[in-house]
Amino acid sequence: MNKEKLLVVNNLVVAYGSIEAVKGISFVVHKGELVTILGANGAGKTTTMRTISGLIKAKSGSIKYKNKELRNLPAHKIVGLGISQSPEGRRVFGTLTVEENIMLGAYTKTKVNTKVLEWIYQLFPRLKERRMQLAGTLSGGEQQMLAIGRALMSEPEMLLLDEPSLGLAPVLVKTIFETIKQIKENGVTVLLVEQNAKAALKLADRGYVLEVGKIVMEGTSQELMSSPKIQEAYLGKKKKNN
Amino acid sequence: MEIFFQQLVNGLTIGSIYALVALGYTMVYGVLKLINFAHGDLVALSAYIGLVIIMQLMGALSPTILIIATFIITIIITAIGGVVLERAAYKPLRKAPRLSAVVSALGASMIIENGIMLIWGPMPRIFPASVVPNTNYNIHGVYISLMQVLVLIISFILMVALYLFVNRTKLGTAMRACAIDQDAARLMGINVDKVIVTTFVIGSALGAVGGLFIGMYYRGIYFNMGWIYGLNAFVAAIIGGIGNIPGAMLGGMLLGIFNAFIAGYVSSSWSLALTYVLLIVIMIFRPTGILGERVAEKV
Ligand SMILES: Nc1ncnc2c1ncn2[C@@H]1O[C@H](COP(=O)(O)OP(=O)(O)O)[C@@H](O)[C@H]1O
Ligand SMILES: [Mg+2]
């Protein structure tokens, strides 16, 4: 099967001053796929996501979305092309209402698509109940729902999720991952960054492992899950014979 | 009691002017976390521009048309001035340390102030007396002039309009979003640069109205008036909670009324000193201003 390549990242280098946080990574996301990037704290996952969205500029390499180079585009144009992001730490607008946050997600649209809005409220009924509340008064899990819902309002073809499970109680993690699955099933291509490797691999089609700015391993979720190295370093399983 | 109501009317008038000017400080601070020290000088510039227009067109137009034309032309020129200021003094320093932008703001302030002096000279200029007819209404012993009525009504309309724009429109919501988290705003597809320019346009336009009111109400304008009116408006913005739009309106009104009562019951020579006493007292009890958010600033 020859799947359409939606996002092709090639030899991407991103630096903060003289320190390279991402050191020449390449990866591909096909249309309709759910791809995960795993890695410990500081591996360069967020840097990669922010660079795709145009919040930071790459030092070298290329980011092609539907064969269009994104590297020199400002962030707001990238949203218009169909890539939206729920950033690490949720970053909801705390002094705006839940509804205002959601509507801002549709900023690039001339008209709010009520079908999408209904779908989001169906995915996250809690947001509908609390739509007049200030986003800053929501719980962590609800804020994460809001961040994802807001990102969906631009009707993205590709959704970037940066650590959606960060700091959430296990029950909520399950809910969020369940929703991500539904989003994928609805036809949205997802690039998911996670430290929670187990949950991410269960959901993903393929994955990449990032270590200090370099991709050290890639494969299908099954391949990664059965790799001893992954089991030891990311899935918390002990080596059998030591 | 008549003094009380008279000073209340006077205080609301000057308070409206402070509020209009304070909005420019607070809106720019909200979005850029920058004190635009040149804002007061832009207000002064607008008063001079207004005077030039009035002197050129007086006699050629009927008084009402003259006033409307003066406001429109001055607002447009001042708004363009605000955009030029942002592009020249602040945009190149967007990623520089905050102190650089402060120095740039002070530099821009001096350039505008000295520019006014070079063009129009160091001596005060006087607005003609008859721009707005000198009609006074006597309401149970309290005098209110036509000019005061105009200031109060126009300021009120502008503030309501601003409130609706910021809270009810897409661009206004984007502006509030930019004030909270610019990167998150970019992820929504908001062109943050465009929002910043809009902020300068609105702030400068309101400042222009303030500058014209100063000229028409007090009549005497001078090249460094931006400092004193700017400072008062800035204090008003801080009292209300810098970055907070209703706060700037409230702070301006409070400061105006406070100053008027000092002038009415004590002496106007005390008003500046007591303004700072008021500021200090409010800062002690509400360090972030009356309506400011009580949260530590994110760095
Ligand atoms: N704004 C920044 N300035 C300087 N260094 C940064 C900045 N953000 C991240 N880094 C560094 O870049 C590296 C990668 O960080 P990040 O992309 O946030 O990793 P991850 O998301 O995988 O935890 C880390 O070493 C981090 O300290
Ligand atoms: Mg991260």
- Suppose R0 equals 22 Å; then what is the FRET efficiency for A:K202 and A:K115 from their Cβ-Cβ distance, rounded to the nearest 0.05? 0.15
- Query: Measuring from centroid to centroid over Cα atoms, what is the spacing of region A:23-50 and region B:112-155 in Å?
  - Reply: 63 Å
- Message: Compute a Gaussian network model of chain B, connecting alpha carbons closer than 10 Å, and tell me which residue from B:M159, B:M110, B:M188 fluctuates the most.
- Response: B:M188
- Can you give the accessible area per residue of chain B, in Å², using a 1.4 Å probe? 45 Å²
- Query: What figure in square angstrom, to the nearest 10, would you give for the accessible area of A:Y208 with a 1.4 Å probe?
  - Reply: 10 Å²
- Message: Can you compute the helix-only [θ] at 222 nm over chain B? Use -39500 (n - 2.57) per DSSP H run of at least 4 residues, normalise by all residues, nearest 500 deg cm²/dmol.
- Response: -24000 deg cm²/dmol
- Message: Through the Karplus equation 6.51 cos²θ - 1.76 cosθ + 1.60, θ set to phi - 60°, convert the phi angles of region A:92-99 into ³J(HN,Hα) values in whole Hz; use x for Gly and Pro.
- Response: 6, 7, x, 9, 9, 6, 4, 5
- Return the average number of partner chain Cβ atoms within 10 angstrom of each residue Cβ along peptide A:70-83. 3
- Query: With every protein chain kept in the model, how would you rank A:H76, B:H39, B:H140 by accessible area, 1.4 Å probe, largest at the top?
  - Reply: B:H140, A:H76, B:H39
- Would you work out what percent of the accessible area of region A:5-234, with all protein chains in place, is carbon or sulfur (probe 1.4 Å)? 51 percent
- Task: Just the number, please: Stokes-Einstein D of region A:5-234 in µm²/s, Kirkwood Rh from C-alpha pairs, 20 °C, 1.002 mPa s.
- Result: 121 µm²/s
- Spacing of the two label points (7 Å from each Cα toward its C-beta) at A:N41 and B:M117, in nm: 5.6 nm
- Task: With a 1.4 Å probe and every protein chain kept in, tell me what percent of the accessible surface of chain B is carbon plus sulfur.
- Result: 72 percent
- Message: Please compute, for the alpha-carbon atoms of the protein assembly as shown, the extent along each of the three principal axes and give them in descending order in Å.
- Response: 95, 45, 44
- Listed by chain and number, the residues whose amide H is under 5 Å from that of A:Y208, excluding neighbours fewer than 5 places away on the same chain and using placed H, are A:T36, A:I37, A:L38
- Item | Zero-based 10 Å bins, Cα pair distances in region A:1-103, whole percents | 14, 42, 32, 12, 1
- Accessible area per residue, Å², region A:5-234 with all protein chains present, probe 1.4 Å: 42 Å²
- Chain-alone versus full-assembly comparison, region B:176-210, residues with accessible loss of at least 30 Å² (1.4 Å probe): B:R176, B:A177, B:I180, B:D181, B:D183, B:A184, B:R186, B:L187, B:M188, B:G189, B:I190, B:N191
- Task: Can you tell me the dipole magnitude for region A:166-212 around its Cα centre, using point charges on the Cβ only (Lys, Arg +1; Asp, Glu -1), in Debye to the nearest 20?
- Result: 120 debye
- Compute the accessible area of each residue in region A:84-116 twice, once for its chain alone and once with every protein chain present, using a 1.4 Å probe on heavy atoms, and list those whose area falls by at least 40 Å². A:R91, A:F93, A:T95, A:L96, A:E100, A:L104, A:Y107
- Item | Ranking by accessible area, most exposed first, for A:M217, A:M132 with a 1.4 Å probe | A:M132, A:M217
- Query: Heavy-atom accessible area of A:E223 with all protein chains present, probe 1.4 Å, nearest 10 Å²?
  - Reply: 110 Å²
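Which of the three applies to region B:166-299, rounded, prolate or oblate, going by the alpha-carbon gyration tensor with a ≥ b ≥ c and a/c under 1.5 meaning rounded?
Verdict is oblate for region B:166-299.
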- Taking the alpha-carbon centre of each part, the distance from region A:173-242 to region B:1-37 in Å is 57 Å
- Task: Compute the acute angle (0 to 90°) between the alpha-carbon long axis of helix B:39-57 and the principal axis of greatest extent of the alpha-carbon atoms of chain B; round to the nearest 10°.
- Result: 40 degrees
- A/B buried area, accessible surface, summed, 1.4 Å probe, Å²: 1900 Å²
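What do you get for Rg/Rh over chain B if you use C-alpha atoms and the Kirkwood form of Rh?
In chain B, Rg relative to Rh is 0.97.
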- Taking a spot 7 Å from the Cα of B:E293 along the direction of its beta carbon, which residues of region A:71-91 have an amide N less than 11 Å from it? none
- Query: Going by alpha carbons, how many degrees (0 to 90, nearest 10) lie between the helix axis of A:114-123 and the longest principal axis of chain A?
  - Reply: 60 degrees
- Query: Taking H as built 1.01 Å from N, whose amide H comes closer than 5 Å to the amide H of A:L6, not counting residues under 5 places away?
  - Reply: A:V29, A:H30, A:K31
- Report the label-to-label distance for B:M283 and A:S227 in nanometres (one decimal), using points 7 Å from each Cα along the Cα→Cβ vector. 5.8 nm
- Task: For B:I139, B:I49, write out the residues from largest to smallest accessible area, computed with a 1.4 angstrom probe and no ligands counted.
- Result: B:I139, B:I49
- Expressed as an acute angle from 0 to 90° and rounded to the nearest 10, what is the orientation of the C-alpha long axis of helix B:192-218 relative to the principal long axis of chain B? 20 degrees
- Message: Amide H of A:K59 versus every other amide H placed in the peptide plane: which residues, excluding those fewer than 5 positions away on the same chain, fall under 5 Å?
- Response: A:V13, A:V14, A:A15
- When the Karplus curve 6.51 cos²θ - 1.76 cosθ + 1.60 is applied with θ = phi - 60°, which whole-Hz ³J(HN,Hα) does each residue of region B:82-87 get, with x for Gly and Pro? x, 5, 4, 4, 5, 5
- Considering only protein heavy atoms, what is the solvent-accessible area of B:F37 at a probe of 1.4 Å, reported in Å² to the nearest 10? 60 Å²
- Entries of A:K109/B:K91; A:K5/A:K111; A:K23/A:K45 with Cα pairs more than 19 Å apart: A:K109/B:K91; A:K5/A:K111
- Query: Mind checking Rg over Rh on region B:1-96, alpha carbons, Kirkwood formula for Rh?
  - Reply: 1.09
- Task: State the Kirkwood hydrodynamic radius of region B:236-299 in Å, one decimal place, computed from all pairs of distinct Cα atoms.
- Result: 12.1 Å
- Before anything else, pin down the relative contact order of region B:76-217: Cα pairs under 8 Å, at least 6 apart, normalised by residue count, whole percent. 33 percent
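The values are calculated or read from the model by the stated rules, or taken from the named source; none is laboratory data. A quick note: this is a predicted structure, and the numbers were derived from the prediction, not measured. Cβ: placed from backbone, ideal geometry, glycine included. Neighbour counts: every protein chain shown. The protein model used for the area step is the full one, side chains on, heavy atoms only, and it has no ligands, DNA or RNA in it. Shrake-Rupley method; radii C 1.70, N 1.55, O 1.52, S 1.80 Å.
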